[in-house]
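Visitor: Handing you a structure now.
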Amino acid sequence: MAIIVNLDVVMAKRKMSLNELSEAVDITLANLSKLKTGKVRAIRFSTLEAICEALDCQPGDLLEFSKG
């Protein structure tokens with residue numbers, strides 16, 4: 001079982017770069033890159049909220065549960 005992070009997919013649909021999102025959300029590129037590649041173990045709700053606002057999406061657009 002795993003949580004899959006679809007940040008790269010949503011960013012591509014919105015045509016937003018990692019740099020643009022980093023500036024909009026005020027998160028370092030390193031932390032966003034880790035989130036994008038799924039190498040984080042946790043995310044603050046305030047961070048998730050800021051990303052959703054910047055990308056005009058829902059948390060479910062960014063996170064997916066997989067049983068495999």
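Visitor: Given just the C-alpha atoms of segment 2-66, how large is their convex hull per residue in cubic angstrom?
Guide: Details: hull volume 4.8 nm³, N = 65.
Looking at segment 2-66, the number lands at 75 Å³ per residue.
Visitor: What percent do you get for the relative contact order of the chain when only Cα pairs under 8 Å and 6+ apart count?
Guide: Values: 60 pairs, mean separation 39.1, N = 68.
Relative contact order comes out at 58 percent.
Visitor: In debye, nearest 20, what is the charge dipole magnitude of segment 2-66 about its Cα centre with +1 on Lys and Arg Cβ and -1 on Asp and Glu Cβ, if you could check? Each step should come with its number before you reach the end.
Guide: Working: 8 positive and 9 negative charges, 63 e Å.
Once rounded to the nearest 20, the dipole reads 300 debye.
Visitor: Projecting each Cα onto the charge dipole of the chain (Lys/Arg +1, Asp/Glu -1 at the beta carbon, about the Cα centre), which of A24, S46, A2 comes out farthest on the positive side?
Guide: A2
Visitor: I've got another one for you. In segment 1-39, which trypsin sites (Lys or Arg not before Pro) are in a loop and have at most 13 other Cβ atoms within 10 Å, using DSSP for the loop call? Can you show the working numbers first?
Guide: Details: sites: K13, R14, K15, K34, K36, K39; in loops: K15, K39.
When the trypsin sites (Lys or Arg not before Pro) of segment 1-39 are filtered for loop state and at most 13 Cβ neighbours within 10 Å, K15, K39 remain.
Visitor: Let me ask another. If you only keep lysine pairs separated by 8 or more in sequence, or across chains, how many in the chain come under 21 Å at the Cα atoms?
Guide: On the way: K13/K34; K13/K36; K15/K34; K15/K36; K36/K67; K39/K67.
Count of close lysine pairs: 6.
Bear in mind these aren't lab numbers, they're just calculated from the coordinates by the rules spelled out. Please read these numbers as outputs of a predicted model, since none were measured by experiment. Here the Cβ is made from the backbone with ideal geometry for all residues, glycine too, and neighbour counts use every protein chain on show.
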